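S.K.: Mind having a look at this structure? Questions to follow.
The values are calculated or read from the model by the stated rules, or taken from the named source; none is laboratory data. Worth saying up front: this structure is predicted, and the values here are computed from it rather than measured. Heads up, the Cβs are rebuilt from the backbone with ideal geometry, glycines too, and the neighbour counts pull from every protein chain shown. With ligands, DNA and RNA removed, areas are computed over all heavy atoms of the protein, side chains included. Shrake-Rupley method; radii C 1.70, N 1.55, O 1.52, S 1.80 Å.
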Number of protein chains: 2
Amino acid sequence: MKMHNFNSGPSILPKEVMEQAAAAIYDFNGVGLSILEIGHRTSWFGAVMDEARALVKELMGIGDAYEVLFLHGGASTQFMQVPMNLLDTDETAAYIDNGIWGTKAVKEARLFGNAVVVSSTKDKNHSYIAKAFTVPAGVKYLHYTTNNTVEGTQWHSFPATDVPLVADMSSDIFSRPFDYSKLALIYAGAQKNMGAAGVNIVVVKKDMLGIKRAIPAIMNYRNHIEAGSLLNTPPVFAVYVALLTLRWIKREGGLAEMEKRAKERAALFYDTLDALPAFKPLVVKEDRSMMNATFTTVRPELEDTFVALCKQEGMVGVKGHRSVGGLRVSMYNALPLSSVQAIVDLMKDFSDKNA
Amino acid sequence: MKMHNFNSGPSILPKEVMEQAAAAIYDFNGVGLSILEIGHRTSWFGAVMDEARALVKELMGIGDAYEVLFLHGGASTQFMQVPMNLLDTDETAAYIDNGIWGTKAVKEARLFGNAVVVSSTKDKNHSYIAKAFTVPAGVKYLHYTTNNTVEGTQWHSFPATDVPLVADMSSDIFSRPFDYSKLALIYAGAQKNMGAAGVNIVVVKKDMLGIKRAIPAIMNYRNHIEAGSLLNTPPVFAVYVALLTLRWIKREGGLAEMEKRAKERAALFYDTLDALPAFKPLVVKEDRSMMNATFTTVRPELEDTFVALCKQEGMVGVKGHRSVGGLRVSMYNALPLSSVQAIVDLMKDFSDKNA
């Protein structure tokens with residue numbers, strides 16, 4: 001059965017990326033060894049790391065003011081590592097809390113310095129983006145989540161502020177042209193638009209670094225920068241899969257093409273959703289995510305029926321995040337329009353029978 | 001050309017593990033999706049995590065007093081995470097410094113509490129294990145490195161102490177029968193005897209946990225225990241490769257069989273090394289590692305010649321660690337005796353020509 005993968009992450013990867021990754025397990029670049037058994041300090045892997053870091057810069061269109069790091073862990077690690085590196089004990093950072101990840105991020109920041117929430121959408125279950133807020137004078141940075149994977153909202157503009165911006169872009173990185181130079185630090189777990197689970201990228205403007213705190217060696221961005229992202233054994237295979245995915249993005253036409261496809265998928269999905277009486281969206285129209293569409297059935301008792309139907313038709317990942325419930329369809333870079341067509345057809349049929 | 005992989009880590013894995021890993025990238029267990037694109041909260045991956053954790057316990061022969069965690073990062077992460085979780089600011093830990101990794105570990109511990117070095121072999125370039133030492137009263141734990149990957153030494157007995165033992169076993173875990181119940185905490189990066197880079201295991205006696213410090217959520221062992229090692233998205237593929245390797249160890253005959261093979265490899269290598277006039281070992285006989293043999297050429301100018309010769313013969317990883325130089329042959333679980341035979345044959349030939 002052909003599977004349709006709507007997983008929110010780990011999620012669908014391009015078929016050719018998976019084929020290349022599997023081939024490299026047998027033999028990496030014809031060197032006679034598997035990607036799983038080559039040393040991370042060989043010129044072989046050095047070339048992988050260099051190309052991956054350079055491709056991130058190229059796709060982001062950023063210059064030498066920034067450094068790109070591939071680090072162990074995911075975005076949850078960065079919730080801690082960002083304030084550990086950027087925020088001294090007597091300093092204050094501002095956080096926008098538009099969803100579960102932002103809530104977690106601010107909690108970690110408070111272990112290292114002062115953190116104030118300047119905008120929260122908790123009042124309405126994070127079903128929108130609160131774009132108006134005031135940032136107190138003198139804060140070190142303003143942290144926000146560009147796309148809320150769980151709640152299905154997305155920033156379609158930049159937060160209006162003069163404060164250095166720190167962005168968790170885990171679920172919409174490289175999904176659209178984006179002025180990355182407006183950001184002081186960008187981080188993202190790889191397992192949505194950028195590869196497999198087990199690695200995250202941190203892109204940091206060098207002038208953000210240099211606080212008084214003693215930082216554990218392995219957590220210190222500056223150590224990783226000095227070591228060219230080879231401070232310790234990196235997650236070799238996950239970095240390689242990220243490189244393959246970055247190459248694929250570039251080859252397919254870059255961020256403009258990714259956005260074109262995202263818009264086609266989102267238009268098809270949301271237009272259908274809005275037209276069907278059996279379903280309802282969970283997010284206000286203007287703040288809807290192009291990556292994660294959250295919705296539910298109008299009759300709550302039908303939600304499980306729909307999930308079961310999806311499963312039967314080979315559609316995985318349609319259940320909402322365990323913390324919020326509902327339904328969710330994730331539509332990352334590698335998801336073909338045909339998968340969206342398949343689920344909207346199913347939704348239409350379901351709506352006809354259950355409206 | 002047939003390659004002989006003497007890498008110190010990432011290092012050689014069993015051929016069937018690599019074949020199974022590659023197959024799972026095409027289709028994981030026949031579910032129609034790749035291991036790279038399945039959700040970590042699916043029952044599919046839940047079964048992987050459960051089996052991997054259970055197999056660690058089974059191979060270690062430990063009971064319910066312990067918890068097994070698969071975490072992001074490598075041993076370098078644990079240099080920090082262990083004291084962060086175990087050592088309160090006003091407490092003291094003892095460290096044995098028998099090599100580069102021990103030196104790094106004690107440095108990180110000092111960021112969290114007091115750490116005293118009770119035994120150091122720095123005086124003789126860490127070419128031996130100092131087994132006699134005194135631990136001050138009241139220390140929280142004694143930390144040691146069971147096998148020094150870089151220097152080529154290994155503990156063949158347990159450090160004599162009543163203090164809870166914390167062991168970095170990155171380079172000799174699962175290489176021999178071992179009374180794991182003598183340890184309070186064990187950690188190891190996977191990329192030597194246990195799988196691919198990108199994951200480490202922590203096995204901790206639960207009664208060691210519970211200090212006053214506020215621990216960042218993602219670093220807190222207790223959070224990971226509560227979440228069944230699924231606190232955040234784990235390094236899915238690396239955990240799966242670890243499971244495949246653990247299954248292989250068990251299937252091949254378990255730790256007794258691993259030790260039998262290690263002894264055969266080590267005997268062949270060290271007996272040859274001791275017999276050849278052109279080479280000399282770097283470690284005293286009684287403390288030599290069965291995993292990493294360090295040595296050099298008697299005439300220093302021939303070292304590079306030998307490395308070049310190895311390369312020419314398809315033998316990789318023979319150069320010593322960049323911090324100490326010399327030569328090193330790593331002989332982990334998956335290394336066939338035939339690879340050791342190949343390099344000793346080359347050494348004999350080289351010695352005949354250059355003695």
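S.K.: If one takes the accessible area of chain A alone plus chain B alone and subtracts that of the pair, with a 1.4 Å probe, what total in Å², rounded to the nearest 100, results? Write down the numbers at each step before the final one.
M.R.: Values: alone 14600 and 14590 Å², together 25230 Å².
Answer for the A-B pair: about 4000 Å² buried.
S.K.: If each label sits 7 angstrom from Cα along the C-beta direction, how far apart, in nm, is residue A:257 from its counterparts in the other copies?
M.R.: Ordered by distance, the counterparts are at 4.8 nm.
S.K.: Using a 1.4 Å probe on protein heavy atoms, which residues of the stretch B:188-230 have at least 50 Å² less accessible area in the complex than alone?
M.R.: Output list: B:216, B:218.
S.K.: Using a ≥ b ≥ c from the Cα gyration tensor of chain B (square roots of the eigenvalues), is it rounded, prolate or oblate, where a/c under 1.5 gives rounded and otherwise the larger of a/b and b/c decides, a/b for prolate?
M.R.: Numbers: a/c = 2.12, a/b = 1.21, b/c = 1.74.
It comes out oblate by the Cα gyration axes.
S.K.: Okay, moving on. Students often forget the sequence filter, so: which aspartates and glutamates lie under 17 Å Cα-Cα from residue B:206 once same-chain residues fewer than 8 apart are removed?
M.R.: Cα-Cα hits under 17 Å: B:64, B:67, B:88, B:226.
S.K.: Okay, next question. So how much slack lies between residue A:304 and residue A:107, counting 0.36 nm per residue of separation and subtracting their Cα-Cα distance, in nm?
M.R.: Numbers: separation 197, 0.36 × 197 = 70.92 nm, distance 3.33 nm.
Between residue A:304 and residue A:107, full extension yields 67.6 nm more.
S.K.: Could you give the length gained by full extension between residue A:275 and residue A:252, i.e. 0.36 nm per residue of separation minus their alpha carbon distance, to one decimal place?
M.R.: Details: separation 23, 0.36 × 23 = 8.28 nm, distance 3.19 nm.
Stretched out fully, the residue A:275 to residue A:252 stretch lengthens by 5.1 nm.
S.K.: So which residue, out of B:89, B:294, B:153, gets the largest mean-square fluctuation from a GNM of chain B using Cα contacts under 10 Å as springs?
M.R.: B:89
S.K.: Within the accessible area of chain A, what % is carbon and sulfur when the probe is 1.4 Å and the other protein chains stay in place?
M.R.: Numbers: 6500 of 12610 Å².
The nonpolar share, carbon plus sulfur, comes to 52 percent.
S.K.: Taking a probe of 1.4 Å, how large is the accessible area per residue of the protein assembly as shown, in Å²? Write down the numbers at each step before the final one.
M.R.: Numbers: 25230 Å² over 710 residues.
About 36 Å² of surface per residue is accessible.
S.K.: Please average, across the residues of B:238-245, the number of beta carbons from any other chain that are within 10 Å of each residue's own beta carbon, and give a whole number. Intermediate values should be presented prior to the final figure.
M.R.: On the way: counts 10, 2, 0, 3, 0, 0, 0, 0.
Partner Cβ neighbours, averaged per residue: 2.
S.K.: Report the net charge of residues surrounding residue A:50, where surrounding means a beta-carbon distance below 14 angstrom and charges are Lys +1, Arg +1, Asp -1, Glu -1.
M.R.: Numbers: positive: A:41, A:53, A:57, A:247; negative: A:51, A:58, A:67.
With Lys, Arg at +1 and Asp, Glu at -1, the net is +1.
S.K.: Using θ = phi - 60° and the Karplus form 6.51 cos²θ - 1.76 cosθ + 1.60, what ³J(HN,Hα) does each residue of the stretch B:49-63 get, whole Hz, x for Gly and Pro?
M.R.: Once θ is set to phi - 60°, the couplings for the stretch B:49-63 become 5, 4, 5, 5, 5, 5, 5, 4, 4, 5, 5, 7, x, 10, x Hz.
S.K.: Choose one answer from A:205, A:319, A:311: the residue with the largest mean-square fluctuation in a GNM of chain A with alpha-carbon springs under 10 Å.
M.R.: A:311
S.K.: Considering only the label points, 7 Å along Cα→Cβ from Cα, what distances in nm to one decimal separate residue B:325 from the same position in each other copy, shortest first?
M.R.: Inter-copy label distances (nm, one decimal, shortest first): 6.9.
S.K.: Place the label 7 angstrom along Cα→C-beta at residue A:312 and in each other copy, then list the distances from the first to the rest in nm, shortest first.
M.R.: 6.9
S.K.: In addition: In deg cm²/dmol and to the nearest 500, what is the mean residue ellipticity at 222 nm of chain B if only DSSP H runs of at least 4 residues count, each as -39500 (n - 2.57), divided by the residue total?
M.R.: Working: 9 runs with 125 residues, N = 355.
So the calculated ellipticity at 222 nm is -11500 deg cm²/dmol.
S.K.: If the cut-off is a Cα-Cα distance under 14 Å, which aspartates and glutamates reach residue A:250, setting aside same-chain residues fewer than 8 apart in sequence?
M.R.: Hits, sequence-local ones excluded: A:16, A:51, A:58, A:259.
S.K.: From the square roots a ≥ b ≥ c of the eigenvalues of the alpha-carbon gyration tensor of the protein assembly as shown, which class results: rounded (a/c under 1.5), prolate (a/b over b/c), or oblate? It would help to have the intermediate numbers written out before the result.
M.R.: Numbers: a/c = 1.91, a/b = 1.60, b/c = 1.20.
Note, shape of the protein assembly as shown comes out prolate.
S.K.: Can you pick out the pairs among B:15/B:319; A:15/B:2; A:260/A:285; A:107/A:212; B:192/B:285 whose Cα atoms lie more than 27 Å from each other?
M.R.: Numbers: B:15/B:319 24 Å; A:15/B:2 30 Å; A:260/A:285 19 Å; A:107/A:212 21 Å; B:192/B:285 23 Å.
Listed pairs above 27 Å: A:15/B:2.
S.K.: Still on this structure, please answer the following. With +1 on the Cβ of every Lys and Arg and -1 on the Cβ of every Asp and Glu, and nothing else charged, how large is the dipole of chain B about its Cα centre, in debye rounded to the nearest 20? Before the final figure, lay out the partial values.
M.R.: Details: 37 positive and 37 negative charges, 66 e Å.
In total the dipole reaches around 320 debye.
S.K.: For chain B, what relative contact order do you get, as a whole percent, if you take Cα pairs closer than 8 Å and at least 6 residues apart? Present the calculation step by step, with values, prior to reporting the outcome.
M.R.: Working: 669 pairs, mean separation 81.9, N = 355.
Computed over chain B, the figure is 23 percent.
S.K.: I'd like to compare A:137-144, A:33-40, B:186-193: which one has the highest average count of other Cβ atoms within 10 Å, and what's the full order after that?
M.R.: Answer by packing, highest mean first, reads B:186-193, A:33-40, A:137-144.
S.K.: Considering chain A as a Gaussian network with a 10 Å cut-off on Cα pairs, which listed residue, A:203, A:344, A:166, attains the greatest mean-square fluctuation?
M.R.: With Cα springs under 10 Å in chain A, the top fluctuation among A:203, A:344, A:166 is at A:344.
S.K.: Still on this structure: Please calculate the 1.4 Å probe accessible area of residue A:251, with all protein chains present, and give it to the nearest 10 Å².
M.R.: Estimated to the nearest 10 Å², residue A:251 gives 130 Å².
S.K.: For A:71-79, what's the mean count of beta carbons from other chains sitting within 10 Å of each residue's beta carbon?
M.R.: Details: counts 2, 12, 11, 6, 3, 7, 7, 1, 4.
Across A:71-79, the average partner-chain Cβ count within 10 Å equals 6.
S.K.: Something else now. Could you state how much accessible area residue B:123 has, in square angstrom rounded to the nearest 10, with a 1.4 Å probe and all protein chains kept in place?
M.R.: The accessible area comes out at roughly 110 Å².
S.K.: Here's something else I'd like to know. Please report how far the C-alpha centroid of the stretch A:84-111 lies from that of the stretch A:214-263, rounded to the nearest whole angstrom.
M.R.: Here the answer is 23 Å between Cα centres.
S.K.: If you don't mind, there's one more thing I want to ask. Charges only on Cβ, +1 for Lys and Arg, -1 for Asp and Glu: so what's the dipole of the protein assembly as shown about the Cα centre, in debye to the nearest 20?
M.R.: Values: 74 positive and 74 negative charges, 85 e Å.
Computed charge dipole of the protein assembly as shown: roughly 400 debye.
S.K.: Quantify how strongly other chains surround peptide B:41-49 by giving the mean number of their Cβ atoms within 10 Å of each of its Cβ atoms. Can you show the working numbers first?
M.R.: On the way: counts 5, 4, 0, 1, 2, 0, 0, 0, 0.
The per-residue average across the peptide is 1.
S.K.: Tabulate in residue order the Karplus-calculated ³J(HN,Hα) for the stretch B:2-9, using 6.51 cos²θ - 1.76 cosθ + 1.60 with θ = phi - 60°, rounded to whole Hz; enter x for Gly and Pro.
M.R.: Working through the residues one at a time gives 6, 8, 10, 9, 9, 4, 7, x Hz.
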